[in-house]
1. What pairs from Lys70/Lys145; Lys41/Lys130; Lys93/Lys141; Lys9/Lys70; Lys27/Lys145; Lys81/Lys141 go past 19 Å between their alpha carbons?
2. Going by the alpha-carbon gyration tensor, a ≥ b ≥ c the square roots of its eigenvalues, is the chain rounded (a/c under 1.5) or, if a/c is not under 1.5, prolate (a/b greater than b/c) versus oblate?
3. Using a simple spin-label model with points 7 Å from Cα along the Cα→Cβ vector, what separation in nm is obtained for Ala42 and Thr113?
4. Once you charge only the Cβ atoms, +1 for Lys and Arg and -1 for Asp and Glu, what is the size of the charge dipole of region 27-134 about its Cα centre, to the nearest 20 debye?
5. Quick one: angle between helix 122-146 and the longest Cα principal axis of the chain, in degrees between 0 and 90, rounded to 10, please.
6. Quick one: pull the percent of accessible area on the chain belonging to carbon and sulfur, 1.4 Å probe, ligands and nucleic acids left out.
Amino acid sequence: MSSDSLLRKLIEGGFLKEQPKDAEQAKRLLIRSIRDIKTAKANLEIDEEAAYTFAYLAMLRSGRALMFLKGYRPLDGRQHKTVVDVAGFFLGKTCEDLIFKFEQMRRTRNQFTYEPDLPLGQTQTHGALKTAREFVTQILKQARKEAPQLELEIEG
């Protein structure tokens with residue numbers, strides 16, 4: 001499926017809509033994504049689920065930021081899945097592995113949210129944080145291309 005047909009399919013399915021590009025909303029989401037990574041790191045030794053959730057939220061929010069920078073917004077129905085799909089489209093083939101991990105994290109986060117007996121370990125949580133840092137870094141690179149005034153970095 002070509003990239004244009006992916007976006008068209010999501011729009012026609014009611015999962016995505018075009019809107020004016022919104023650098024300010026994107027900036028707020030990116031700032032929150034960076035804070036989510038810090039929060040995930042701070043919770044690694046306290047609560048694996050909290051750390052994992054914040055790592056995932058960093059990816060979700062930064063993916064949404066990229067969508068706003070490109071002039072799109074996810075709609076009700078399956079917003080998280082739409083963010084994964086559209087982020088994959090905009091980041092391209094070089095980030096396929098990150099998008100695959102983002103999708104896996106989306107599914108895992110959904111499972112332990114609704115099935116509280118699903119165990120999460122330190123290895124999985126540390127991996128999620130590493131993936132989130134890599135993903136948000138890629139989004140920040142794309143954001144600077146779209147809006148050079150967005151000079152944000154992940155610290156530490």
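1. Too far apart for the 19 Å limit: Lys81/Lys141.
2. oblate
3. A separation of 2.2 nm, rounded to one decimal place.
4. Roughly 700 debye, rounded to the nearest 20.
5. Between helix and principal axis, roughly 20 degrees.
6. Roughly 49 percent, rounded to a whole number.
The values are calculated or read from the model by the stated rules, or taken from the named source; none is laboratory data. Note that the structure is a prediction, hence the values are computed from the model and not measured. Every residue, glycine among them, receives a Cβ derived from its backbone with ideal geometry; neighbour counts consider all protein chains shown. Note: areas computed on protein heavy atoms with side chains; ligands, DNA, RNA excluded. Shrake-Rupley method; radii C 1.70, N 1.55, O 1.52, S 1.80 Å.
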